[in-house]
Amino acid sequence: MIMSIYMLVRHYRQRLAIAGLGSIMLISAHASAQDPVLVPAAPQWSASGATGSMVLTPASSNLALGLSEPRARLHVMGTDVTADPATGYLVLGTTNMLHMQLDRNDIRVAGPTDSTVGSLYLQRFGGPITVHGSKPLESRMYITNDGNLGVATADPFQFAIDRNLIAAHWQRPPGAIAVDGDVYADKVISDYVYVTKRLRLGGRKNSSPGVAWDAKHSDAILQVGGKMSAQSIVVHLDKWSDDVFDDEYPLLPLSELEAFIKRERHLPDVPAESEVLSTGLDLAKSDEILLRKVEELTLHTIAQQKKIDELERKIDALVK
């Protein structure tokens, strides 16, 4: 009886294997005491001349190159990409030209020699690049398809609009960087910070979108929208008011000065209120003008004192 069952199992086992079924069913001699056991078939390659492809089945199969026990669907074990140009864990392309080499933690575009390297493109003709895409937005970094960089924001342009930094109808700027959150840098207090064109700090006076902007002095290198505090400010001038003490300086007589003040309602060379309110006040020029007026007043005071001294002498002479 046992021999008959053995021969029967062997017969059907051969027929199942010939038929190419994916699994083989083993039947124990004591069929009533043990359930059938399914043994997975070995992975097999199938080739298609129509599609020019080879397929490894079943779909759960692993493929190993350079090692005996793969731990992934495709497990490649190679050599370091810094070795010969034709080596690496994975090489794509012709090694006598630029080709890509992938190492355990390195990607390199190399040429036929060790010293030949090429450019590595990510999403050259595709969409944005996302780093840490599985994490929340505040932990991601984006390189958009228009070349902008966003940290914790996927759209630097919309980021600027939402925070009233720019207006929605403004042209989308290329190469923009937007960071949602604090920015820390070890060299913020470095020796030099170069701004080649303009530095704008603070918001606009009329609360419109964008940073500080003075249309009347658009050539200003530094524009500050708000109060500015400093321990010391040095201004370089082309001239100063010491010419007031030259002998040929045209000191305006007090009578003419009085007439000018009654007519113009301000001192000579001092800008009128309407001009200051319209174009602002040049602090350097204003300091120079004020000092000039002090020096002119000093000369008038000295002249008056001389006249007073002369009158006192005459009075003393008459009294005696």
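The values are calculated or read from the model by the stated rules, or taken from the named source; none is laboratory data. All values reported here derive from a predicted model rather than from experimental measurement. With ideal geometry, Cβ positions are generated from the backbone for all residues, glycine too; neighbour counts draw on all protein chains shown.
Structure summary
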quantity	calculated
Counted residues, the range 95-109 - those being of a type in the set (A, V, I, L, M) and within 29 Å of the chain's Cα centre (by Cα)	4
Members of the range 99-115 found to be surrounded by 13 or more Cβ atoms within 10 Å (Cβ to Cβ) and part of a loop (DSSP other than H, G, I, E, B), listed by number	ASP103, GLY111, PRO112
Among the residues listed as ALA185, ALA178, ALA259, the single one being part of a helix (DSSP H, G or I) and either out of contact with any Leu (no Cβ under 9 Å at 6 or more places or on another chain) or closer than 30 Å to GLY150 by Cα (or both)	ALA259
GLY52 being surrounded by fewer than 12 Cβ atoms within 10 Å (Cβ to Cβ), at pLDDT 85 or above and either farther than 15 Å from LEU120 by Cβ or among the basic types (Lys, Arg) (or both)	yes
Top-ranked residue of the range 270-303 - restricted to ones that are assigned to a loop (DSSP other than H, G, I, E, B) and free of Cβ contacts under 8 Å to residues at least 24 places away in the same chain, ranked as farthest from TRP240 (Cα to Cα)	ALA272
Which listed residue, of VAL179, VAL244, VAL131, VAL151, is closer than 30 Å to LEU290 by Cα, of a type in the set (Val, Ile, Thr), surrounded by 11 or more Cβ atoms within 10 Å (Cβ to Cβ) and at pLDDT 90 or above	VAL244
Boolean, ASP155 is under 15 Å from the mean Cα position of the chain (by Cα), within 26 Å of GLY210 (Cα to Cα) and in contact (Cβ under 8 Å) with a residue 40 or more places away in the chain	no
Meets criteria (assigned to a loop (DSSP other than H, G, I, E, B) and out of contact with any Leu (no Cβ under 7 Å at 6 or more places or on another chain)) for PRO209	no
